[in-house]
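A short write-up of the structure that comes next.
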Amino acid sequence: MITFITGNEHKVIEAENIFKDYDIKLEHVDLGYMEPQGTLEEVAEFGAKYASHKLNRPVIVEDAGLFIKALNGFPGTYSHYVQDTLGNQGILKLLNNVSDRYAEFRSVIGYCAPNSEPKT
């Protein structure tokens, strides 16, 4: 069993579908902690270390974001906040008259065991 730290039910469903192919069960725990500003790796490492220390067991966390080339990687690690505030229409407004709308969705998994440093 793996303890998966998230407050996002969609992430839980997606992870359960992935791990079931490997006969690995997930335990979902929502700690509701404040995420730092930083890279995906920094956010995932912080969350994994915090949760592992608090629960005293190995955990995984996931952080993800949409990185739009024409907007210098915005919204990136702020994707959830931007989606809640600007929404898709707001992001499209920012891309008005932009022909290259290349974007990447990036995801990072963080793992940490008690008394260890986190890994991504």
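The values are calculated or read from the model by the stated rules, or taken from the named source; none is laboratory data. Keep in mind it's a predicted model, so treat the numbers as computed, not measured. Ideal geometry is used to build each Cβ from the backbone, glycine not excepted, and the neighbour counts take in all protein chains shown.
Some notes on this structure:
- Residues of the range 39-57 that are touching a residue at least 40 places away in the same chain (Cβ under 8 Å) and either on the phi > 0 side of the Ramachandran plot or touching a Phe, Trp or Tyr at 6+ places or on another chain (Cβ under 7 Å) (or both): Gly47, Ala48, Asn56.
- Per this entry, Ile18 is not counted among residues that are assigned to a loop (DSSP other than H, G, I, E, B), exposed (fewer than 13 other Cβ atoms within 10 Å of the Cβ) and modelled with pLDDT of 90 or more.
- Scanning the range 26-40 for residues being exposed (fewer than 15 other Cβ atoms within 10 Å of the Cβ) and modelled with pLDDT of 90 or more gives a total of 4.
- Odd one out for Pro114, checked against (1) more than 15 Å from Ile2 (Cα to Cα); (2) in contact with a Ser or Thr (Cβ under 6 Å, 6 or more places away or on another chain); (3) not acidic (Asp, Glu): (1)
- The residue that is surrounded by the fewest Cβ atoms within 10 Å (Cβ to Cβ), among those in the range 84-112 that are more than 21 Å from Thr39 (Cα to Cα) and among the small types (Gly, Ala, Ser), is Ser99.
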